[in-house]
Amino acid sequence: MFDKILIANRGEIALRILRAAKELGIATVAVHSTADSEAMHVKLADESVCIGPPAARDSYLNIPSLLAACEITGADAVHPGYGFLSENARFAEILGEHNIAFIGPRPEHIRIMGDKIEAKRTAVRLGIPCVPGSPGAVSDDAEALRIGAEIGYPVLVKAAAGGGGRGMKVAHTAEELPGAISTAKAEAKAAFGDDAVYLEKYLQKPRHIEIQVLADGQGRAIHLGERDCSLQRRHQKIWEEGPSPALNAEQREEIGGIVARAMAELRYIGVGTVEFLYEDGRFYFIEMNTRIQVEHPVTEMITGIDLVNEQIKIAAGSPLTIAQEDVRITGAAIECRVNAEHARTFTPSPGRIAYYHPPGGLGVRVDSAVYQGYVIPPFYDSLVGKLIVHGRSRTEALMRLRRALDEFIVDGVETTLPLFRTLVRNTDIQNGQYDIHWLEEFLAAEAKDEK
Ligand code: ADP
């Protein structure tokens, strides 16, 4: 097992990792920018190192500084969390060259899944169902038009290097396709420095359903059921739940089994999420995330498995000790990402938290790194915390969420809590009837009513 883990992240996920490490009896090192010297993860770690000024590229993304911090503290492993360097294959490689373990998959797997075209090719090879589309990058308009006619409109143009929904454009007709391609290319070039794009059939009313996997790189892999992350704004998930209101046990076992077998064959190591769009009873692979995800607590609540604990043990070379038969999905869990943003306009609202009272009680979990008097810096994401509830049924989870949201007080900054209080009382949400466009349509209708 590792002696000392350096956590190359900040905020609630740094705290989440720190908690898992402490429970395993492993010493922790926090790193922080000058803007984060008063952060909770710094206060709770055994040691801390300042790695640079506020801008992420000079601190949390600064590989030489992180290496120096490992050297100074003698850390023998690095946990990257999510975001920042978590899906940077080169970082994983460099750590390896310095005999420091990267708590995550092999660099080659990060690389494959980081390139969406390569990822899709791999998925096809492993028998994972994919969205019909171009077999690789499209080279010219003539080829694109030929494929468009084959798969049928609307067609989605996607950036191979894509992320965060950037570099995506819909073409409703063949006439719109060349324009959509050039816009997507320009956006992709600007955002990722790579203008390769590919085509996919645009699904009209899908849900976003993702499968959580755990694998040990020694041929053992299991799935831990799904999370439904269909409630999104600008392709950002804001409410995640499991099990999905749209799936039954048989469908779960089928898709979960396909994914677990694929990960075993790939000799994948650690935690991973295989994301699908789901429409009319069919699954379509969109991408794989090779790291712990923001919404992982949903899975922890319904399975009772500590994903970060498992992730650390696997990275240290332990074989997977949980068999597929041991995984039991119990009840239902819902996570709300509470941001320091105006609940209507979503403009960020950094600043000092004047008063903070998180909810509690049975089945309520708050993963947050803020405290009363803490100043949310303007340099990073605006997450105040994640509220996760668990109930014996989805109905119980919804009622629990409703009361937990009513207890939650954050003063001094604007938050998205009022939005969640509205959502939890909405009939479509209560009935589980929503797709990936539901939230945007709901927000647009609300804005119109106000005028
Ligand atoms: P990114 O890496 O930029 O987040 P994804 O491939 O994960 O890109 O897609 C992000 C979101 O875009 C999905 O959650 C879904 O809402 C939408 N999307 C992606 N592919 C399709 C598709 N073929 N049809 C319809 N919507 C899609």
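Quick look at the numbers
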{"read-out": "Out of Val274, Val259, Val298, sole residue that is outside the structural domain of Gly25 (by TED's automatic domain parsing) and closer than 23 Å to Ala369 by Cα", "value": "Val298"}
{"read-out": "Scan of the range 86-111 for residues that are outside any helix (DSSP H, G or I) and either within 16 Å of the ligand (Cβ to nearest atom) or under 19 Å from Ala160 (Cα atoms) (or both), ordered by number", "value": "Ser86, Glu87, Asn88"}
{"read-out": "Qualifying residue in the range 50-60 (condition: under 24 Å from Gly272 (Cα atoms) and either assigned to a helix (DSSP H, G or I) or at pLDDT 95 or above (or both))", "value": "yes"}
{"read-out": "Out of Ala35, Ala30, Ala68, Ala75, sole residue that is within 24 Å of Phe2 (Cα to Cα) and assigned to a helix (DSSP H, G or I)", "value": "Ala68"}
{"read-out": "Matching residues, the range 213-227, being among the charged types (D, E, K, R) and in a strand (DSSP E or B)", "value": "Asp216, Glu226, Arg227"}
{"read-out": "Long-range neighbours under 6 Å by Cβ, at least six apart or interchain, first residue surrounded by fewer than 18 Cβ atoms within 10 Å (Cβ to Cβ) within the range 40-65, second of a type in the set (Phe, Trp, Tyr)", "value": "Pro54/Phe379; Ile63/Phe91"}
{"read-out": "Qualifying residue in the range 325-337 (condition: of a type outside the set (A, V, I, L, M, F, W, C), more than 30 Å from Ala35 (Cβ to Cβ) and over 23 Å from the mean Cα position of the chain (by Cα))", "value": "yes"}
{"read-out": "Of all residues making up the range 393-451, the number that are hydroxyl-bearing (Ser, Thr, Tyr) and within 16 Å of the ligand (Cβ to nearest atom)", "value": "1"}
{"read-out": "Breaking point among (1) touching a helix residue (DSSP H, G or I) at 6+ places or on another chain (Cβ under 7 Å); (2) at pLDDT below 95; (3) over 30 Å from Arg267 (Cβ atoms), for Val155", "value": "(2)"}
{"read-out": "Selected residue (only one of Leu199, Leu203 is within 16 Å of the ligand (Cβ to nearest atom), surrounded by fewer than 22 Cβ atoms within 10 Å (Cβ to Cβ) and among the hydrophobic types (A, V, I, L, M, F, W, C))", "value": "Leu203"}
{"read-out": "Any hit, the range 345-366, residues being farther than 22 Å from Ser37 by Cβ, assigned by TED's automatic domain parsing to the domain that holds Glu240, modelled with pLDDT of 95 or more and crowded, with 22+ Cβ neighbours inside 10 Å", "value": "no"}
{"read-out": "Failed criterion for Ser33 (all others in (1) crowded, with 19+ Cβ neighbours inside 10 Å; (2) farther than 30 Å from Ser318 by Cβ; (3) within 22 Å of the chain's Cα centre (by Cα) hold)", "value": "(3)"}
{"read-out": "Hits in the range 112-143 - residues which are within 15 Å of the ligand (Cβ to nearest atom), assigned to a loop (DSSP other than H, G, I, E, B) and of a type in the set (Asp, Glu)", "value": "Asp115"}
{"read-out": "Leading residue by the ranking (surrounded by the fewest Cβ atoms within 10 Å (Cβ to Cβ)) among those in the range 138-190 that are touching a strand residue (DSSP E or B) at 6+ places or on another chain (Cβ under 7 Å) and more than 27 Å from Lys237 (Cα to Cα)", "value": "Gly152"}
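The values are calculated or read from the model by the stated rules, or taken from the named source; none is laboratory data. As the structure is a computational prediction, the values presented were derived from the model and not from experiment. Because the Cβ atoms are built from the backbone with ideal geometry, glycine has one as well, and the counts that use them run over all protein chains shown.
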